[in-house]
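Notes to accompany the following structure.
The values are calculated or read from the model by the stated rules, or taken from the named source; none is laboratory data. What you are looking at is a predicted structure, and each value in this text was computed from that prediction instead of being measured. Methodologically, a virtual Cβ is constructed for each residue, glycine included, from the backbone with ideal geometry; neighbour enumeration extends over all protein chains shown.
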Amino acid sequence: MEEVPSSRPWVVIPTYNEVDNIGPMLGAVLAAVPEAHVLVVDDGSPDGTAAAVRAVSERDERVRLLAREQKTGLGGAYRDGFKVAISEGATSVVEIDADFSHDPAAIPALLAALDDGAALAIGSRYVLGGRSPGLSRERLALSRGGNLYAAFMLGLPVRDATAGFRAYRTDVIHEVGFRSSRADGYGFQVELTRLVNDAGYRIVEIPITFRDRRAGTSKMSAKIVVEAMVLCTIWGIGRRFPWLNEQRQEALIDRLGAVVDRGARLWSTRR
């Protein structure tokens, strides 16, 4: 008899040096959605993160590890994780950070939004009921400003396009071409939001509380921020000037690639 693909949700968790967080996070995710598969995509963490995940997977078949030898960024981790989930027949995938910035207890609300017809459900800090307690004014200003800029440039009907806590229908992200997405950092979130929106699918935002990480070191860097802003600018130009065809957009991306590194260096010297 032919095996029927599983319709259970898959939760994809990218990790790099999260050994202090990953065990408790896996337990919290499975407590929130016991029916889910959880895939940890580890980028060669030297601190033993992968070994900790393997230990859990040996006693719980719902947990899997995708160990990558090279650290290629958040976007690459999610692309690889989504490919595995889709190949296993997943109908929905959830993104969540490993550091408890996002509360796994909110996952059912995101999945319920998909059941209600949304193609993308975003756990949002900036809709009514959303909160970011404990974050510095600088981080809040940077995040809000970046989201306002992305929404303006790309015509996005959301307030938190950079949010890393979200759920997708897998048929939709397959259709819009997530495999060919180009962003590596948090620009990946904006890029998929743009692709889903431009394809005419419904996006909803669910209020969440975003907290600073429990343990470990933040992976946020100046290069990630600059990359996202540069890509938003490029995509926005393409949207506002339709005559700028894909070939010209590719050329522009190549020319502006150096801006990412240059801007990151400038940012670092001023912090």
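Observations
- Condition broken by VAL29, with the remaining ones in (1) crowded, with 19+ Cβ neighbours inside 10 Å; (2) assigned to a loop (DSSP other than H, G, I, E, B); (3) more than 16 Å from the chain's Cα centre (by Cα) satisfied: (2)
- Boolean, ALA121 is part of a strand (DSSP E or B) and touching a residue at least 24 places away in the same chain (Cβ under 8 Å): yes
- Cβ-Cβ contacts under 7 Å between residues 6 or more apart (or on different chains), taken from a first residue in the stretch 184-206 that is farther than 11 Å from GLY164 by Cβ to a second residue that is in a strand (DSSP E or B) and among the small types (Gly, Ala, Ser), are listed as VAL204/ALA121; GLU205/SER124; ILE206/ALA121; ILE206/GLY123; ILE206/SER124.
- Residues in the stretch 133-165 that are among the small types (Gly, Ala, Ser) and surrounded by fewer than 18 Cβ atoms within 10 Å (Cβ to Cβ): GLY134, SER136, ALA141, GLY145, GLY155.
- Out of GLY73, GLY44, sole residue that is buried (at least 21 other Cβ atoms within 10 Å of the Cβ), among the small types (Gly, Ala, Ser), out of contact with any helix residue (DSSP H, G or I) (no Cβ under 7 Å at 6 or more places or on another chain) and at pLDDT below 95: GLY73
- When residues in the stretch 92-128 are screened for being farther than 21 Å from VAL33 by Cβ and surrounded by fewer than 17 Cβ atoms within 10 Å (Cβ to Cβ), 2 of them pass.
- Applying the condition of being over 14 Å from the mean Cα position of the chain (by Cα) and buried (at least 19 other Cβ atoms within 10 Å of the Cβ) to the stretch 81-91 and asking which residue is nearest to HIS174 (Cα to Cα) yields ILE86.
- Restricted to the stretch 133-216, the set of helices (runs of 4 or more DSSP H) holding at least 2 residues that are aliphatic (A, V, I, L, M) and within 16 Å of ALA121 (Cα to Cα) comprises 170-176, 187-198.
- Looking across the stretch 175-210 at every residue that is polar (S, T, N, Q) and under 21 Å from ALA109 (Cα atoms), the one that is surrounded by the fewest Cβ atoms within 10 Å (Cβ to Cβ) is identified as THR209.
Conditions tested, residue by residue: (1) within 22 Å of GLU191 (Cα to Cα); (2) free of Cβ contacts under 8 Å to residues at least 60 places away in the same chain.
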residue: ASN21; (1), (2): no, no
residue: VAL29; (1), (2): no, no
residue: VAL33; (1), (2): no, no
residue: HIS37; (1), (2): no, yes
residue: SER45; (1), (2): no, yes
residue: SER57; (1), (2): no, yes
residue: GLY73; (1), (2): yes, no
residue: ILE96; (1), (2): yes, no
residue: SER101; (1), (2): yes, no
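- In the stretch 47-70, the residues that are assigned to a helix (DSSP H, G or I) and surrounded by fewer than 15 Cβ atoms within 10 Å (Cβ to Cβ): ALA51, ALA55, GLU58, ARG59
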